[in-house]
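Single-structure report; data block below.
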Protein chains: 2
Amino acid sequence: MSKKISGRLTLPAELNFIDETKDLLSRWGADAIRDSDGTDLDDELMDLGVTNYSKYFVARGDNEFALSHMDEAQQLFVMSDYHTAKGTSLTFEFMTGFLDEQIVPDFNHDPKEWWQVYNRTTGELVDVSNWSINKEDLTVTIENTTPFHEYTLNILTYMIWDPTQMYNHITNDWGDKPHEIPFDVRGPKANQHMKDKLRAWLEDNPKTDVVRFTTFYYHFTLFFNDKRKEKFVDWFGYGSSVSPRALEAFEKEYGYKLYAEDFIHAGSYNSTFKPPTKEYLDYLDFTQRFVTQEAKELVDIVHEYNKEAIMFLGDNWIGTEPYGKYFENIGIDAVVGSVGGGLTMRLISDIPHVKYTEGRFLPYFFPDTFYEGNDPTIEGVENWITARRAIMRSPLTRIGYGGYPSLAYKFPEFVDFVSETADEFREIISNIEHKETYSRAKVAILNSWGKLRTWQAFMVAHALHYKQIYSYLGVLESLSGLDVDVEFISFDDLKDGVPSDIDVIINAGDAHTAFSGGDAWHDEKLVATLRKWVYEGGGFIGIGEPSAYEKGGRFFRLADVLGIDKELGFTLSTDKYFFDLKEDHFITQDLKDTFTFGEQINNTYALNEDVEILAMDNENITLSAHTYGKGRGIYMMGLPYSHENTRILSRSIFYSMQKEAEFNKFTSTNIHTELNVYPESKKVALLNNTNEAQTTVVYDGAGNTTDVQLKPAEIKWGELDEENSTIRF
Amino acid sequence: MSKKISGRLTLPAELNFIDETKDLLSRWGADAIRDSDGTDLDDELMDLGVTNYSKYFVARGDNEFALSHMDEAQQLFVMSDYHTAKGTSLTFEFMTGFLDEQIVPDFNHDPKEWWQVYNRTTGELVDVSNWSINKEDLTVTIENTTPFHEYTLNILTYMIWDPTQMYNHITNDWGDKPHEIPFDVRGPKANQHMKDKLRAWLEDNPKTDVVRFTTFYYHFTLFFNDKRKEKFVDWFGYGSSVSPRALEAFEKEYGYKLYAEDFIHAGSYNSTFKPPTKEYLDYLDFTQRFVTQEAKELVDIVHEYNKEAIMFLGDNWIGTEPYGKYFENIGIDAVVGSVGGGLTMRLISDIPHVKYTEGRFLPYFFPDTFYEGNDPTIEGVENWITARRAIMRSPLTRIGYGGYPSLAYKFPEFVDFVSETADEFREIISNIEHKETYSRAKVAILNSWGKLRTWQAFMVAHALHYKQIYSYLGVLESLSGLDVDVEFISFDDLKDGVPSDIDVIINAGDAHTAFSGGDAWHDEKLVATLRKWVYEGGGFIGIGEPSAYEKGGRFFRLADVLGIDKELGFTLSTDKYFFDLKEDHFITQDLKDTFTFGEQINNTYALNEDVEILAMDNENITLSAHTYGKGRGIYMMGLPYSHENTRILSRSIFYSMQKEAEFNKFTSTNIHTELNVYPESKKVALLNNTNEAQTTVVYDGAGNTTDVQLKPAEIKWGELDEENSTIRF
């Protein structure tokens, strides 16, 4: 691969490493350097002639201000442990289990107004006259309790340690380094201060070209326990954005009051898995408007100084919502985020209303990977080829790395790998940026959140693995690089029918969650809309417990479409006869062995003999297809990410539309390869998604085949003829 | 083993087999012979000098009557298939999928009064003005349908083929043998006829000593599909007991009307897995009173003729309910039923208000087992030792076999085996019948049904295996031979607190079923009652999804007692830290390898570090214990039957009561052995529950140990001293 162009790469900087930094800048074609959480750029680094990114913390890292304005510290509603009354009175310590270094009760505001006691056995709120708080020993005493009912206290707290700094501090054992106290820019003094401070900082940092906001105001909900370990993490949680100030402003605007329980929900804390309440959606809208408006003010200041503003997607990102209605208003120039694979890549690269996006690739140059005897290139290649297939669909503008370059520098092979990757990335971008990408279908992911949580469904803590989600996240990871358009839609979006541009709808998730839909499926209009749409030719792919809502003798509301339901025990007396596997089928044509479905959803079964059963496990249907009018319903128990499952999904998309005859156009037969077509630039790209050599047969748009050999991890570019049909490599 | 006594054994008779029958009577010590479905006793057999049992069908097997009184044929409500309206009108054939040889629509009664159309998408009843029946082509036409809603028709049918005869007929390919039409003794003519016919039969059969009713009036719900295969089977179903006559009588008595849907429930047909409605419970009570009253009249007639009356537990047993309130009224002398193991043995032997009980053992003398090259003794021994441990707790009065003795006679080893078994049985009975059996605890199974379904929880079709039930049936099978008293209680039985004689409560089952309890757990009084009871020293064992009812942030209402809950997805953001297995624990002391829990209940987890995690699988807790006051909560994912799991349960019972220190009294250490103690008869019996030699250590009541060797399948009897403490073998 020839080094045609340079740029599009950001290097993490390190002090006292200047010559090697110059070497890396040159070898990797980097055009920017950046500092990190814990490292700064010195003059020598800033004078290297490339673009300088400087991190900037808006609402933390200024304890001088914070300590003198503790009434404007950030706040958080938390719920105490459950306590069982043994008699008619109950006293317990309510801060047990929380990290007192991070959160302390707010006694500045009247607990009787902002705190709540719940009887969790009945679900009833306990009247304030029945409880009292002892501020000295941090106990609550509840009177007139019902023996052997469980009670909890909802507590308004101050957050006196920024969660990200806390995480870094504890993880890296920073000892007596001060805890950064986050302040709430809804506080009038904090609000003024953040602007003054930014201006002063900009004055002091003339060499900074790009201000990297990390991020704005409110951290996603993250609190630790009394053993200094994580107690709760929700990457989407708005819990740390609350305050009496915010809730009073909300009440003034919306005409009704929000209470602690609106945020706590018996300990679910409005996880994205909980179908959102109207109150919570109102609060999200309210907070987004505030955050984006305030962020815009900061960005405007940055622009005044002729610098660019970029935001990190993470940490204090709450309320910015890149896929929300108000993000555009911020006027931010770019977004940067961490790339763990295709899905997290798309989460960044699809963000609208920015000039550019930057993805930070793995591995971080940290000692856990860069140690003698380990080969960091292996993780680097894996991360790159996993993300690359998604880049082919929706490119990032820039890439970058994190950590200590001095560590990476000790691994010459890795340095070479990054050089090649950077070149490859630049070649991709030069070929496809801002050019139309050919899509073979438009797929919509249907859940309670829709567009707001684009590429964010099923996530708990960004890219972290959970047993309960990997069977679903695989769907998004597969889609991130598939040759289809992807849209995230909510049940509300179907109020007037299915939008005409959608070919296939996927509903995936565990029963009752926001991703399956829960009570949304009560609505018979929704049910009828989808049935009619499939009947008329739409494709419906249900994964896990799709449309689950027990009614009318069935658990899956679209059981008739899927031909599959889940036995809850009530119809065990009805004989189930349909177990014959269809061995040879369009969907499973490339399946080598058994279908890998992830976690078991027990007791799925076929309703009738028309169901094409494609895979079973433990007597359960794990993969099936069912014709419903001109469309089809496809059932999958789960779809953990793999090349094989990506192909299963791709074929299911075509089969669900009853367009399997069109599958062998612009496709590559080897499941470890993928073909991308760019009609506008008259190019095609054939990806080898493995680090081994592959051979494949490529079908062009007319159905002609070509045998192709691919080197490990290779992209082979080809030319598309004038009629956008035949391919020449 | 010396042949001390004879008797207590019923031999199936066979024509033209008289000498061998005499031989078997002598060798097996049989004191009775019986005919079968399809075979009769001739004079020669009846003159053998033993007790003669003759089968008797009350409401079938008399087509001369039935055909001339088709308006008194038995009836059944069935639900059509689901049909999706594509427009505003829908027509479908409503008898599709049913076996027209078995059921035909009832056009004698107005469909508009007795049938119902349901919109299953909304759950709403469709007004009768919107539909019409075409009797010619058996279609229903529904007008004003909502497009893409699903509709079903509830149909009142006549049952024109007795389900048992149908099963035998189809299975044995009886060709043009007439189909026996069951008649409904609520019909005035049928009612008179059954009595007249019984008297006439008694007159004609003077040599019969015991009339075996097979059974009375109504068959459990069993209907076949159009391919002559089983479509629906519920051994507890009252579906075939309905008729306009019955429902009108019900309305008159109860003041409200029952509708088809009260029996159909969107296709669940009031399976015992569905928590019973008030309406259905009323109907059960109503039908039991009718059946027991009518059965009493027949039994009285039998008694008039100085014969005994015995009933078969199965077939047309509906409404007799041996564990119900009215069974005693029948005055039946005995019950006979099929024994598949300990659980089904106890189902018979525990029946109150009868003079004796008889169990029919496996294998049946049929060619599927008695063929050259097969050893039927293997199944015989297995069946015997599985049932025997339950007999030691609650003895049958008699045993018997079924099938063709001429087949068994060809297997001398099997003939010897039965001789020995019969002797062993008689020895057991002579030692323990009507004698107090020592119990180490009283265990209650808690569900929606309670006493009525004693030993009948989790069953679908008597002893048949279903994937969804074996993890729970194992609990009952284990208990059937354990040295504890067992009682089945309902949630209503706890209205005034837990009865004082109960030591341990088991709640087992899938979420929302009648066995877990479903909506019963909404009741906070129930929840508090159980918590208090455990706190004060009760033992609670939750299996599967015990107390499952989502409320207050938890799924298991007794999560605080168990220390275990099931993650539904809403609290994924809360870190779960408790995974440390407790290797050495009282409960798992005899566990060789991993705990076998049966079907997976996904995402169970420990709430806190106080939970003793004893076994895990796929990150789920499968076995755990949690101290709650003076009692404990034990969680098990499931408990398929095995000797190992029986021991796990036994130890869990003691551990849950916090009485583990008392475990090693009157017990045998080897899990394949069990010790039974009979203080009244000053005897103990040590069972070898395997067909291999075993060694064990027996603890007496004072905690002294004795090493004991046991031959394959041996019972070793020992003597208990005067103070009921030490044991001498």
Whether any residue in the stretch B:147-165 is touching a helix residue (DSSP H, G or I) at 6+ places or on another chain (Cβ under 7 Å), touching a residue at least 12 places away in the same chain (Cβ under 8 Å), among the aromatic types (F, W, Y) and closer than 20 Å to A:V527 by Cα is what I want to check. yes
Assess whether B:T594 counts as being open to solvent by less than 40 Å² (accessible area, probe 1.4 Å), more than 7 Å from chain A (Cβ to nearest Cβ) and either polar (S, T, N, Q) or under 32 Å from the mean Cα position of the chain (by Cα) (or both). no
If you take just the strands (runs of 3 or more DSSP E) that sit entirely in the stretch B:669-716, which of them hold at least 2 residues that are within 19 Å of B:I648 (Cβ to Cβ) and in contact (Cβ under 8 Å) with a residue 12 or more places away in the chain? B:673-678, B:694-699
Determine, yes or no, whether B:K207 is more than 14 Å from chain A (Cβ to nearest Cβ), basic (K, R) and not in a helix (DSSP H, G or I). yes
Quick check on this structure: which one of B:A85, B:A66 is at pLDDT below 95, open to solvent by less than 10 Å² (accessible area, probe 1.4 Å) and on the phi < 0 side of the Ramachandran plot? B:A66
Which of (1) assigned to a loop (DSSP other than H, G, I, E, B); (2) away from every other protein chain (no Cβ under 14 Å); (3) at pLDDT 95 or above; (4) open to solvent by less than 10 Å² (accessible area, probe 1.4 Å) does B:I142 not meet, given it meets every other one? (1)
Which condition breaks for B:K551 when tested against (1) at the interface with chain A (Cβ under 9 Å from one of its Cβ atoms); (2) touching a strand residue (DSSP E or B) at 6+ places or on another chain (Cβ under 9 Å); (3) touching a residue at least 24 places away in the same chain (Cβ under 8 Å); (4) open to solvent by 30 Å² or more (accessible area, probe 1.4 Å)? (2)
Within the stretch B:259-269, restricting to residues that are touching a residue at least 24 places away in the same chain (Cβ under 8 Å) and within 7 Å of chain A (Cβ to nearest Cβ), the one that is farthest from B:E124 (Cα to Cα) is B:Y269
Among B:L24, B:L15, B:L9, which is open to solvent by 30 Å² or more (accessible area, probe 1.4 Å) and hydrophobic (A, V, I, L, M, F, W, C)? B:L15
Would you confirm whether or not the stretch B:153-170 contains a residue that is surrounded by fewer than 15 Cβ atoms within 10 Å (Cβ to Cβ) and part of a loop (DSSP other than H, G, I, E, B)? no
Evaluate the following for A:N431: is it within 30 Å of A:F663 (Cα to Cα) and surrounded by 23 or more Cβ atoms within 10 Å (Cβ to Cβ)? no
Quick check on my filter: what residues within the stretch A:65-99 are more than 33 Å from the chain's Cα centre (by Cα), part of a loop (DSSP other than H, G, I, E, B) and within 13 Å of chain B (Cβ to nearest Cβ)? A:A85, A:K86, A:G87, A:T88
Being assigned to a loop (DSSP other than H, G, I, E, B), touching a Pro at 6+ places or on another chain (Cβ under 9 Å) and open to solvent by 40 Å² or more (accessible area, probe 1.4 Å) is the requirement here; does A:E723 meet it? no
Just one of A:K229, A:K135, A:K177, A:K197 is within 30 Å of A:S36 (Cβ to Cβ), in contact (Cβ under 8 Å) with a residue 12 or more places away in the chain and either of a type in the set (F, W, Y) or open to solvent by 40 Å² or more (accessible area, probe 1.4 Å) (or both); which is it? A:K197
It is to be established whether one or more residues within the stretch B:500-512 are open to solvent by less than 10 Å² (accessible area, probe 1.4 Å), closer than 21 Å to A:A511 by Cβ and more than 14 Å from chain A (Cβ to nearest Cβ). no
Just give me the residues in the stretch A:554-575 being facing chain B (nearest Cβ under 10 Å), closer than 21 Å to A:T627 by Cα and assigned to a loop (DSSP other than H, G, I, E, B), in sequence order. A:R557
The condition of being in contact with a helix residue (DSSP H, G or I) (Cβ under 8 Å, 6 or more places away or on another chain), among the aromatic types (F, W, Y), on the phi < 0 side of the Ramachandran plot and part of a loop (DSSP other than H, G, I, E, B) holds, among B:F595, B:F540, B:F579, only for B:F595
Under 8 Å between Cβ atoms, at least 6 apart or on separate chains: pull out the pairs that start in the stretch B:377-389 with a residue that is closer than 17 Å to B:G403 by Cβ and end on any residue that is charged (D, E, K, R). B:T377/B:E413
Note on the stretch B:247-260: residues part of a helix (DSSP H, G or I) and surrounded by 17 or more Cβ atoms within 10 Å (Cβ to Cβ) are B:L247, B:F250, B:A260
Given (1) within 14 Å of chain A (Cβ to nearest Cβ); (2) open to solvent by 40 Å² or more (accessible area, probe 1.4 Å); (3) touching a residue at least 60 places away in the same chain (Cβ under 8 Å), index of the condition B:T272 fails: (2)
So is A:S478 in contact with a Phe, Trp or Tyr (Cβ under 7 Å, 6 or more places away or on another chain), in a helix (DSSP H, G or I) and small (G, A, S) or not? yes
Quick one: count up the residues across the stretch A:598-655 that are touching a Leu at 6+ places or on another chain (Cβ under 7 Å), hydroxyl-bearing (S, T, Y) and in a strand (DSSP E or B). 2
Of residues in the stretch A:108-130 being in a loop (DSSP other than H, G, I, E, B) and open to solvent by 60 Å² or more (accessible area, probe 1.4 Å), the one farthest from the other protein chains (Cβ to nearest Cβ): A:N108
Residue check for B:K630: surrounded by fewer than 23 Cβ atoms within 10 Å (Cβ to Cβ), basic (K, R) and more than 30 Å from B:E536 (Cα to Cα): no
Report whether or not B:Q288 is in contact (Cβ under 8 Å) with a residue 24 or more places away in the chain, more than 14 Å from every other protein chain (Cβ to nearest Cβ), surrounded by fewer than 16 Cβ atoms within 10 Å (Cβ to Cβ) and more than 26 Å from B:G97 (Cβ to Cβ). no
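Each row is one residue, and each column tells you yes or no for (1) crowded, with 23+ Cβ neighbours inside 10 Å; (2) within 14 Å of another protein chain (Cβ to nearest Cβ).
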site	(1), (2)
B:V443	yes, no
B:H465	no, yes
B:S490	no, no
B:G497	no, yes
B:A520	no, no
Scanning the stretch B:701-715 for residues that are surrounded by 12 or more Cβ atoms within 10 Å (Cβ to Cβ) and charged (D, E, K, R) gives B:K711, B:E714
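The values are calculated or read from the model by the stated rules, or taken from the named source; none is laboratory data. Please read all numbers here as calculations on a predicted model, not as lab measurements. Positions of Cβ are generated from backbone atoms using ideal geometry, with glycine treated the same way; all protein chains shown enter the neighbour counts. We work out accessible area using only protein heavy atoms, side chains counted, and drop any ligands, DNA or RNA first. Shrake-Rupley method; radii C 1.70, N 1.55, O 1.52, S 1.80 Å.
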